[in-house]
Amino acid sequence: MNSLMNTTPPGGGKPETMTSLEIADVVKSRHDSVKRTIERLVEKEVIVQPPTVDVQEPDSLGRIRTAKAYAVNERDSYVVVAQLSPEFTARLVDYWQTHKSQVSTTTTPAEMFLQSAQLLLDIERRQNEQAQRLLGVDDRLKRVEDTAPLKVKPQNTETLSEIRARINHKYGLPPRIVDFVVMKITYKIRPYGMVKNSHEDAQGSSFAVYHIIDVTNLFKRFVSECVSVTATKSTHREIDGPFKLVINHS
């Protein structure tokens with residue numbers, strides 16, 4: 001391709017645009033790849049939709065054919081090159097300096113490229129921020145789903161009242177010790193879930209339920225760490241003073 005040699009309009013006026021085919025020459029890329037990049041930048045509203053023009057382009061066999069190209073203004077050309085191949089910036093600067101009879105703006109090509117590159121970085125940053133916000137929304141929805149009260153108590157779970165009764169029968173532990181082990185000990189277990197209280201006076205309240213096997217293993221560990229003081233009293237490093245502990249082997 002030698003399209004860079006045919007960009008000066010008749011009469012020697014300065015060009016106001018360069019084609020996507022000429023950009024492909026500058027960055028040593030395929031014309032169709034350049035056009036796709038331009039279309040993506042238009043979709044993201046980074047650049048304006050450029051008009052199309054007819055250009056002479058060789059096909060895969062080297063035969064010249066008429067093809068459609070985009071006519072890109074100077075500012076947007078820097079954005080496109082910044083997106084495609086920033087290392088070819090110098091060639092783009094040379095292109096505009098060669099094909100412009102005078103500088104029509106106080107902004108230099110280098111400054112224009114830097115502005116374009118910064119614009120692309122800002123667009124990418126905003127897209128990343130938006131993606132993070134969407135992830136945050138998904139996380140919040142997941143937490144709501146995880147914590148939403150269940151309509152009925154699942155099988156193989158038990159309430160705190162049921163735990164107190166079962167553990168008291170098994171180990172003779174008083175309610176205050178049972179509550180401490182379930183809810184405050186350093187290796188306490190998490191509730192299986194919350195169940196909506198269906199009682200007419202409950203006013204929409206809910207209660208925690210725990211997986212029975214988790215409770216069983218929790219108290220096996222707790223009892224194994226207790227130190228006997230008397231036949232019916234024991235102590236534990238996380239509890240002040242002795243408490244009742246009588247293991248029922250039945």
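Here's a check for you: in region 177-190, which residue that is closer than 17 Å to ALA208 by Cα and in a helix (DSSP H, G or I) is farthest from the chain's Cα centre (by Cα)? Of everything passing the filter in region 177-190, VAL178 is farthest from the chain's Cα centre (by Cα). Of the residues making up region 201-240, those that are in a loop (DSSP other than H, G, I, E, B) and under 14 Å from VAL178 (Cα atoms) are CYS226, GLU238. Checking each residue of region 141-161 against the condition of being under 28 Å from ILE239 (Cβ atoms), modelled with pLDDT under 95 and open to solvent by 60 Å² or more (accessible area, probe 1.4 Å) gives at least one match.
State whether one or more residues within region 231-240 are modelled with pLDDT under 95 and closer than 18 Å to LYS151 by Cβ. The answer is no, given that none of the residues of region 231-240 is modelled with pLDDT under 95 and closer than 18 Å to LYS151 by Cβ.
Looking across region 162-176, just one residue is of a type in the set (A, V, I, L, M), outside any loop (DSSP other than H, G, I, E, B) and closer than 18 Å to THR232 by Cβ, and that is ILE167.
The values are calculated or read from the model by the stated rules, or taken from the named source; none is laboratory data. None of these values were measured; they are calculated from a predicted model. FYI the Cβ positions are ideal-geometry reconstructions off the backbone, even for glycines, and counts take in every protein chain you see. All accessible areas refer to the heavy atoms of the entire protein, side chains included, with ligands and DNA or RNA removed. Shrake-Rupley method; radii C 1.70, N 1.55, O 1.52, S 1.80 Å.
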